[in-house]
Amino acid sequence: MTDTPETKPLDSTRDKPFEPVMIGFTCNWCSYRAADMAGISRMKYAPNVRLIRLMCSGRLDPTFVFKAFAGGADAVLVSGCHPGDCHYATQNYKAMRRFHLMQRVLAQMGIEPARLKLLWASAAEGQIFANEITKFVEEVRALGPLNWNTKPNAVEVPAEIPVEEVQA
Amino acid sequence: MSKPKFAMYWAASCGGCEIAVLNIHEKILDVDAAFDVVFWPVAMDAKYKDVEAMPDDSITLCLWNGGIRNDENEHMAHLLRKKAQILVAFGSCACEGCIPGLANFSSTQDMIDTAFSTITTDNPDNIRPQASYAMPEGIITIPTINPILKTLDQVVDVDYYMPGCPPESHQIAAVIDLVIAALNGKAQLPPKGATIGAGNSTVCDECPRKRNVKAIKEFNRIQLMAADPELCLLEQGIPCNGPATRSGCNARCPSAGAQCIGCYGPAEGVVDYGARLIAAFASVIDSDKPDEIDKILDGLVDPAGQFYRFNLAGSLLRASKAAQTPKIG
């Protein structure tokens, strides 16, 4: 696809304080259920991470992570079942090895390794999941925007995150 | 009836693609018989204004090799797109950036410094190229460099992709036969956007080496060991890019005892070449312990260079952060 000529860095539309845009990949069996647990227990945590559910953290193709960064994400979270607890036996170890290798490649590309986080969370660990996300958001906020700018037609991210508090 | 017209142009490239075309030997006579060569800077004299004077769509087939490094390349890409009916991204540079695209790891400043003031360069006054320079006769200009090298399809619409560094001669010959047959109404051209002159699978599929699905405890460098001549190189810990690389070369390097370095680019369906290799390499590592995984990965000296040797400009991330913040001093 040919680039369109107009250049618009992702952050130029933001005059508000920096809110990190983050993508989180969860597995169907543990970490997504941890997020679910955090939700139904009405725990409060930072709304910056957009979760995408995969069947398994081993399904995480590194392409997803690079696409997220290239498309304007400030950070990416990869989460799955604790080591030894994978629904598919050993696939979360595969995710772990990919994570280590990805961090090295991202560092060479000038993306701080801290922008990619690996988090194990069981279905019961809603509180841990919520706390870790809040911590991660603050870490990324301290790093500042990534402003990946190799594509003039990068995806526009809405300046304001559309979240609202719903009464239970 | 006048013959269909043929053009070939080079941008940021080494000239190897031109040699590869001549390497089709006597088949070049078929090219001459079937086509009028109207523009081919390496083989004949022609000026840009001659191309500008041609009617639009008057060139039937234009093979473009090289990446888009400066504004001259970009101008010629737009010009030849307008003049050619079929524009082929020919060779790895045009398709995915190739070796010139590795400059996308560095800032423009570092790239210029490397070219003009390292120890191997005889440049005592530290002279740098200037985009324009006032001479007594008037101002002379040279093309200005883009901070990020782009692939051809990041600049103009491309009809076909022909990978390889350079494309194998038997593949070039086959493509030329196909185009000539299509012009005579005896064959049909593939759909627009197709990759031609290559296979649809991976180098591993063509590789004669034996695979035992064995995981590894360390990465090795091929020059530091005596590699088994029969066994899969990756299973011996040698970083081989075969699993993500498009077939079409008959697995030349692994057959000859060297690892695949990935010059045929991403295999069919691979969005990001390096990402696919990360997945493949991580899968052969035999460890579940973070510390041990890190130790094994230390054996991969330059992972980004290994995974994006030919593909950096064509990858999802395209260029490092350093290259995106250009400063020329």
Got at least one residue in segment B:264-284 being more than 24 Å from A:Ala89 (Cβ to Cβ) and free of Cβ contacts under 8 Å to residues at least 12 places away in the same chain? yes
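For every residue, the table says whether it meets (1) within 13 Å of chain A (Cβ to nearest Cβ); (2) part of a loop (DSSP other than H, G, I, E, B).
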residue	(1), (2)
B:Pro229	no, yes
B:Cys263	no, yes
B:Val270	yes, yes
B:Ile278	yes, no
B:Ala282	yes, no
B:Ile293	yes, no
B:Arg309	yes, yes
Hey, could you check segment B:188-227 for residues that are of a type outside the set (Val, Ile, Thr) and not in a loop (DSSP other than H, G, I, E, B) and say which is farthest from B:Gly164 (Cα to Cα)? B:Leu224
Within segment B:295-307, restricting to residues that are out of contact with any Gly (no Cβ under 6 Å at 6 or more places or on another chain) and facing another protein chain (nearest Cβ under 7 Å), the one that is nearest to A:Met109 (Cα to Cα) is B:Ala304
Looking at B:Ala313, B:Ala319, B:Ala244 in this structure, which one is at negative phi, within 14 Å of another protein chain (Cβ to nearest Cβ), in contact with an Asp or Glu (Cβ under 7 Å, 6 or more places away or on another chain) and buried (at least 24 other Cβ atoms within 10 Å of the Cβ)? B:Ala313
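Return the only residue of A:Ile52, A:Ile111 being at pLDDT 95 or above and within 8 Å of another protein chain (Cβ to nearest Cβ). Let's see the steps before the verdict.
On the way: A:Ile52 fails: within 8 Å of another protein chain (Cβ to nearest Cβ).
Of A:Ile52, A:Ile111, the one residue that is at pLDDT 95 or above and within 8 Å of another protein chain (Cβ to nearest Cβ) is A:Ile111.
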What number of residues in segment B:234-261 are closer than 21 Å to B:Asp302 by Cα and assigned to a helix (DSSP H, G or I)? 8
Conditions first: (1) under 30 Å from B:Ala256 (Cβ atoms); (2) within 14 Å of chain A (Cβ to nearest Cβ); (3) among the charged types (D, E, K, R). B:Lys192 passes all but one, so which condition is the exception? (1)
Filtered residues of segment A:44-98 (kept if in a helix (DSSP H, G or I) and touching a residue at least 60 places away in the same chain (Cβ under 8 Å)): A:Phe69, A:Ala70, A:Asn92
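The values are calculated or read from the model by the stated rules, or taken from the named source; none is laboratory data. Keep in mind the model is a prediction, meaning the values are calculated, not measured. Here Cβ is always computed from backbone atoms with ideal geometry, including for glycine, and neighbour counts include all displayed protein chains.
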